[in-house]
Amino acid sequence: MERIPEEALREYEACESYQKLKILRNECREILQGYYSKYKDKLSYFKEEFAKKVDHERYGTESILSRGRLCPGNIEKLRMSKIKWGRLVKEYINPGYVYGYDKEDNLIISDMVRGEIRNREYIFWTDPYTQVGLRYEELWGLECGTISKVCYNEQRKIRSYMFGQLDHGKITSIVMEEYKYEGNKAFVTFIDSFIDDEDGFDYIEGEHIVLLLDEQGTVLKYKAYMDMTPEEVIEK
């Protein structure tokens with residue numbers, strides 16, 4: 001990929017559209033950081049309480065998506081081939097995913113399994129429209145490694161999706177999707193961002209997307225452009 005000239009990059013970062021993306025990103029980071037502060041010492045509680053609730057399991061193949069085939073976000077899926085999404089299978093597979101459900105068939109646990117390593121995400125609802133997931137990493141001494149938040153509207157359509165990765169207790173990587181609906185179209189603002197407070201590194205990539213949906217919400221058509229280069233339209 002051709003490197004963007006520094007002058008062009010500085011000019012873009014000073015423009016209004018970039019500043020709007022930065023405000024959205026900062027709000028997202030603050031929300032996810034707040035969940036970390038609230039739940040960082042709750043692992044023992046999650047282990048005990050969720051062990052009581054698991055009623056049955058389902059299985060999935062390995063995937064690069066968080067939560068595998070059941071990742072609640074849409075845009076990263078649409079940017080890759082379906083083979084990388086993973087799929088649901090009838091039997092346990094390693095590497096892969098183990099999904100735990102309660103008696104009402106609500107997803108409450110997602111285990112990402114690789115060999116002897118099992119990173120567990122605890123999934124719960126803070127209100128009827130907001131789902132939160134916290135994943136604890138075995139290689140990090142069971143530190144909280146990722147946090148996600150998904151918000152739905154009254155029609156159970158996704159309103160926003162936030163996913164953050166942590167490094168030493170700080171959110172350093174963010175993927176965010178924000179939705180608005182008009183008829184059979186969804187207008188999405190997608191943000192992919194990396195932050196390093198130590199060296200001042202701050203990267204934001206924004207994309208504006210229009211999804212054409214059928215009655216079941218399946219994507220029929222995808223049209224997008226990068227925030228920095230709105231003249232370059234991508235269609236799928």
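At-a-glance table
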{"read-out": "Candidate set from segment 115-153 (those that are modelled with pLDDT under 95 and charged (D, E, K, R)); member that is nearest to Lys40 (Cα to Cα)", "value": "Glu143"}
{"read-out": "From Glu205, Glu137, Glu177, Glu154, residue being surrounded by fewer than 16 Cβ atoms within 10 Å (Cβ to Cβ) and within 21 Å of Phe124 (Cβ to Cβ)", "value": "Glu154"}
{"read-out": "Residue that is modelled with the lowest pLDDT [pool: residues in segment 179-209 that are over 19 Å from the mean Cα position of the chain (by Cα) and not acidic (Asp, Glu)]", "value": "Gly200"}
{"read-out": "Enumeration of residues in segment 209-224 that are without any contact (Cβ under 8 Å) to a residue 60 or more places away in the chain and surrounded by 17 or more Cβ atoms within 10 Å (Cβ to Cβ)", "value": "Ala224"}
{"read-out": "Filtered residues of segment 226-236 (kept if part of a strand (DSSP E or B) and either hydrophobic (A, V, I, L, M, F, W, C) or at pLDDT 95 or above (or both))", "value": "Met226, Val233, Ile234"}
{"read-out": "Matching entry among Glu30, Glu49, Glu11, Glu7 (being under 26 Å from Asp102 (Cα atoms), of a type in the set (Asp, Glu), without any contact (Cβ under 8 Å) to a residue 12 or more places away in the chain and in a helix (DSSP H, G or I))", "value": "Glu49"}
{"read-out": "Selection within segment 55-109 - surrounded by fewer than 16 Cβ atoms within 10 Å (Cβ to Cβ), touching a residue at least 40 places away in the same chain (Cβ under 8 Å) and touching an Asp or Glu at 6+ places or on another chain (Cβ under 7 Å)", "value": "Asp55, Asp102, Lys103"}
{"read-out": "Residues being closer than 14 Å to Leu78 by Cβ and assigned to a strand (DSSP E or B) - total across segment 198-224", "value": "13"}
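The values are calculated or read from the model by the stated rules, or taken from the named source; none is laboratory data. What you are looking at is a predicted structure, and each value in this text was computed from that prediction instead of being measured. Don't worry about glycine lacking a Cβ; one is built from the backbone with ideal geometry, like all the others, and counts go over all protein chains shown.
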